[in-house]
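Chemist: Below is one structure. I have some questions about it.
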């Protein structure tokens, strides 16, 4: 038998109570993690008490409980009270991590509260080294629980004793005056301590050894994934809650109160999305910007998708793979990473003189179309390369020509991939500000009467080209630009808006809604094409 | 003669192995080993066919005549050029940009490697079934109707339907006939609109055969059609091939010598270097091979 290897029992009993302790510790860590995230985003204000107890005290108490449980489990395992299968050591990586954590913790504590000067750093280094040794040298059950539990206890005690309270401010002695407030420090410290102790608790729950390490890794991965989803959700919720009051300003429900569409008066009046900005409006709105954004995206997609897909067909199906295709590939990748302001300048210098000399909707559409083009090309090319050659062979063996094969086999198989590319691209261009600032936007605020009406704008003329559309040549506005103008200047709203901040948030919220609806359309289209491909 | 052998030996690594395992000078290929006389008319005639992929000499002076309405098996070790040979018969090798083809292939006496050959017409007359089943990601019905629709033989488009000229009945007849001929109708007739990728591997391969039949070919080329299938599905495909030989000329590449012996009327053995070594009646090739190397190969001494 190898040295240090222990025989484990196939079925272990009597560990259920100890395991419950470790399990509770894992749950506590997860709760702490969620609470500290919520506190960080000010969903739970740390200065307010919950059920009469200050939030800081709750965090501190739970931290101490968690630290105590972790240490107790580790000691119990070391003394043989709990049946586990620990490795001889927790490992160098864990030791280095704990060493650094303790170095920083003690360094800050000594520097803030004891003011020992440079001697403080010697103390910190010493403690950090000790944490390294405690992690690396003893058996795993002590090595991974003691430093983590002790860190938890230390942080918890700091909170409980009030050494760091809600009013605490950490003045940083940098050249620029900067300070960290308790609102930031407390959640972050809790987050870190909860992660460490949660990891140790998960290892303990798995009984250390290989299974314990797996549990520890699971915990870190799940908390990571959970926090990413959580942050995304918080961001959406934040914008929504801030945006709703502005969006519903002056809302009226009742027969005939809304503007009439095709001769029928709508039963809802929502001034924010149905009005423009005008001096005499009771409530200001962003209708021209919404319509402008939608037409912008439609125009850019109509321009870029046929060109991009066509180029992709040429590159994958017709062009011999070689220098030319490689150059095109490098060029498209470069174009995709080109800053949007460069596209804007191109539109300003090239398109505007060619479309009537002034900023116009069509210049904006084409500029954004140019931006979208490389992504559509790249993703369509990838999607077509992924279509198996067997399909092309099968079609050729039936005597079907290349173009018909592309049309009826290659492109349908590649469509879901193409749509994915368009979705990604639309997400980018719909929120672009810089290019449309240079090519499309006229006045910051456009009255509702000047909302672009591309469909209604078509006119028949007596002379060729027989069809004209002055609406396309009109300067207009779009949501991201309007938001930018509102934030940087706050101009043009006059006194007709109760709260400019509400107006801004409502604009951001509507922009988010517009982009999300484009996503929804795209995802729906992709789902449709995939279904058609796979199930019929 | 021995000089040419040395040259081929120098070209590729596989020939070396052949020499070392047999441990003697490579036996010379004699013309008479490829003599095969048959009663019926010749469907495909091949003369001095050479194929190069870049510098690689994949086929070396192959000549043979394939009789009409029969099953011809092409066997040989991997990399011997039998698939290359097969793909020359409907000019699928044209799709490989590095391929260079010399020599002559005739279909019913007409040269297919000449200016002005209509590839669409050629591939309609000479169909092909591939090694791994490759139905399109469409419904079973669409898979069968694909070829005729693209050739304009069957028109069920929107315009045709509006003008009352839709060939829907003809399409249904075609789908049923092809699926019946491919022995698949009974298994799928209640789900013709299902995606073909939901079929089992053996069913997919029979669907590919049915799709191949849809354009009324005269010759069907099969490139190891059963190599990806289980024994039961393989048996079904073999039965099917024997039946097809009543109406079509079947040329089949296979790795499985028992399969070749079971289903084919004549067998051509390719050995390394892209050479056709022996061609003759299947019974004769398997029971009394004229070449020593072919005998070694068939009895499993190499390959």
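Chemist: Roughly how crowded by other chains is peptide B:143-155, in terms of the mean Cβ count from those chains within 10 Å of each of its Cβ atoms? Intermediate results must be reported in sequence, preceding the final value.
Modeler: Values: counts 1, 0, 0, 8, 6, 1, 3, 10, 5, 0, 0, 0, 0.
Mean inter-chain Cβ contacts per residue within 10 Å come to 3.
Chemist: When DSSP beta bridges are limited to those with both residues in the protein assembly as shown, what percentage is antiparallel, rounded to the nearest 5? Present the calculation step by step, with values, prior to reporting the outcome.
Modeler: Values: 37 of 55 bridges.
Bridges in the protein assembly as shown that DSSP calls antiparallel: roughly 65 percent.
Chemist: Determine the shape class of region A:33-187: with a ≥ b ≥ c the square roots of the Cα gyration tensor eigenvalues, call it rounded for a/c under 1.5, and otherwise prolate if a/b is greater than b/c, oblate otherwise. It would help to have the intermediate numbers written out before the result.
Modeler: Details: a/c = 2.49, a/b = 1.34, b/c = 1.85.
It comes out oblate by the Cα gyration axes.
Chemist: Additional query: Inverting the mean 1/r over all pairs of different Cα atoms, compute the Kirkwood radius of chain B and quote it in Å. List each step's numbers first, then the result.
Modeler: On the way: mean 1/r = 0.0489 Å⁻¹.
Its Kirkwood hydrodynamic radius stands at 20.5 Å.
Chemist: Sorted by average packing, counted as other Cβ atoms within 10 angstrom per residue and highest first, what order do A:186-192, B:211-217 take? Please report the intermediate quantities before stating the final value.
Modeler: Working: A:186-192: 21.1, B:211-217: 24.0.
Highest mean packing first, the order is B:211-217, A:186-192.
Chemist: Further question on the same structure: Can you pull the mean other chain C-beta count within 10 Å for peptide B:83-91? Before the final figure, lay out each step's value.
Modeler: Numbers: counts 0, 0, 0, 0, 2, 0, 0, 3, 1.
If you average over the peptide's residues, the count of other-chain Cβ atoms is 1.
Chemist: Then there is this: Just order A:99-105, A:451-457, B:130-136 by mean Cβ neighbour count inside 10 Å, highest at the front, would you? Walk me through the numbers before you get to the answer.
Modeler: Details: A:99-105: 19.0, A:451-457: 15.0, B:130-136: 21.1.
Output ranking for A:99-105, A:451-457, B:130-136: B:130-136, A:99-105, A:451-457.
Chemist: So, one more: With 10 angstrom as the radius, rank A:387, A:426, A:93 by how many other C-beta atoms surround their C-beta, starting from the fewest. List each step's numbers first, then the result.
Modeler: On the way: A:387 20, A:426 23, A:93 10.
By the 10 Å Cβ count, ascending, the order reads A:93, A:387, A:426.
Chemist: Based only on Cα atoms, what mean projected area does the convex hull of region B:162-303 have, in nm²? Can you show the working numbers first?
Modeler: Numbers: hull surface 44.0 nm².
Over all viewing directions, region B:162-303 projects a mean Cα-hull area of 11.0 nm².
Chemist: Restricting to Cα pairs below 8 Å that are 6+ residues apart, what does the relative contact order work out to for region A:284-491? Please round to a whole percent.
Modeler: Numbers: 297 pairs, mean separation 69.5, N = 208.
In percent, rounded to a whole number, it is 33.
Chemist: Under a no-solvent Debye model with one identical scatterer per Cα of region B:136-198, what's log10 I(q)/I(0) at q = 0.15 Å⁻¹?
Modeler: Relative scattering, expressed as log10 I(q)/I(0), comes to -0.46.
Chemist: Per residue of A:400-408, how many C-beta atoms from partner chains lie within 10 Å of its own C-beta, taken as a mean? Show your work: numbers first, answer last.
Modeler: Details: counts 9, 4, 1, 0, 5, 2, 0, 1, 6.
Whole-number average of other-chain Cβ neighbours for A:400-408 is 3.
Chemist: Where the centre of each part is set by its Cα atoms, how far does region B:129-180 sit from region B:44-70, in angstrom?
Modeler: Using only Cα atoms to place each centre, the spacing works out to 34 Å.
Chemist: Considering only C-alpha atoms, what is the centroid distance from region A:119-156 to region B:247-285, in Å?
Modeler: Cα centroid to Cα centroid, the span is 77 Å.
Chemist: When N counts the residues of the protein assembly as shown, how does its alpha-carbon radius of gyration compare numerically with 2.2 N^0.38 Å, as a ratio? Walk me through the numbers on the way to the answer.
Modeler: Values: Rg = 38.3 Å, N = 839, 2.2 N^0.38 = 28.4 Å.
Dividing the Cα radius of gyration by 2.2 N^0.38 Å gives 1.35.
Chemist: Could I ask something else about it? How would region A:284-491 be classified by its alpha-carbon gyration tensor: rounded, prolate or oblate, with rounded meaning a/c under 1.5 and the a/b versus b/c comparison settling the rest? Could the numbers behind the result be given before it?
Modeler: Details: a/c = 2.41, a/b = 1.90, b/c = 1.27.
Note, shape of region A:284-491 comes out prolate.
Chemist: Need the C-alpha centroid separation for region A:403-417 versus region A:346-388, integer Å.
Modeler: 23 Å
Chemist: Continuing with the same structure: For A:316, A:240, what ranking results if the residue with the fewest other Cβ atoms within 10 Å of its Cβ goes first?
Modeler: On the way: A:316 21, A:240 15.
If I rank by nearby Cβ atoms, fewest first, I get A:240, A:316.
Chemist: Based on the alpha-carbon gyration tensor of region A:192-315 and its eigenvalue square roots a ≥ b ≥ c, which shape applies: rounded if a/c is under 1.5, prolate if not and a/b is larger than b/c, or oblate?
Modeler: In terms of gyration-tensor shape, oblate.
Chemist: Please compute the contact order of region B:40-176 in relative form: average sequence separation of alpha-carbon pairs under 8 Å and at least six residues apart, divided by the residue count, as a percent. If you can, show how the numbers build up before the last one.
Modeler: Values: 152 pairs, mean separation 28.6, N = 137.
It comes to 21 percent, rounded to a whole number.
Chemist: Which peptide among B:225-237, B:253-265, A:118-130 comes first, and what is the full order, when sorted by highest mean count of other Cβ atoms within 10 Å? Walk me through the numbers before you get to the answer.
Modeler: On the way: B:225-237: 17.5, B:253-265: 19.8, A:118-130: 15.0.
In descending order of packing, they fall as B:253-265, B:225-237, A:118-130.
Chemist: Related question: How large is the helix-only mean residue ellipticity at 222 nm for the protein assembly as shown, computed as the sum of -39500 (n - 2.57) over DSSP H runs with n ≥ 4, divided by its residue count, in deg cm²/dmol to the nearest 500?
Modeler: Numbers: 31 runs with 446 residues, N = 839.
Calculated mean residue ellipticity at 222 nm is -17000 deg cm²/dmol.
Chemist: Taking the Cα atoms of region A:335-447, report the difference between the largest and smallest coordinate on each principal axis, in whole Å and largest first.
Modeler: Largest first, region A:335-447 extends 60, 28, 25 Å along its Cα principal axes.
Chemist: In what order do B:70, A:36, B:83, B:78 fall by count of nearby beta-carbon atoms within 10 Å, going from fewest to most?
Modeler: On the way: B:70 18, A:36 25, B:83 22, B:78 10.
With the fewest neighbours first, B:70, A:36, B:83, B:78 line up as B:78, B:70, B:83, A:36.
Only the coordinates and a few stated rules stand behind these numbers; no lab work does. Bear in mind the structure is a predicted one, so any value in this text is a computation, not a measurement. As a convention, Cβ positions derive from the backbone with ideal geometry for all residues, glycine included, and neighbour counts pool all protein chains shown.
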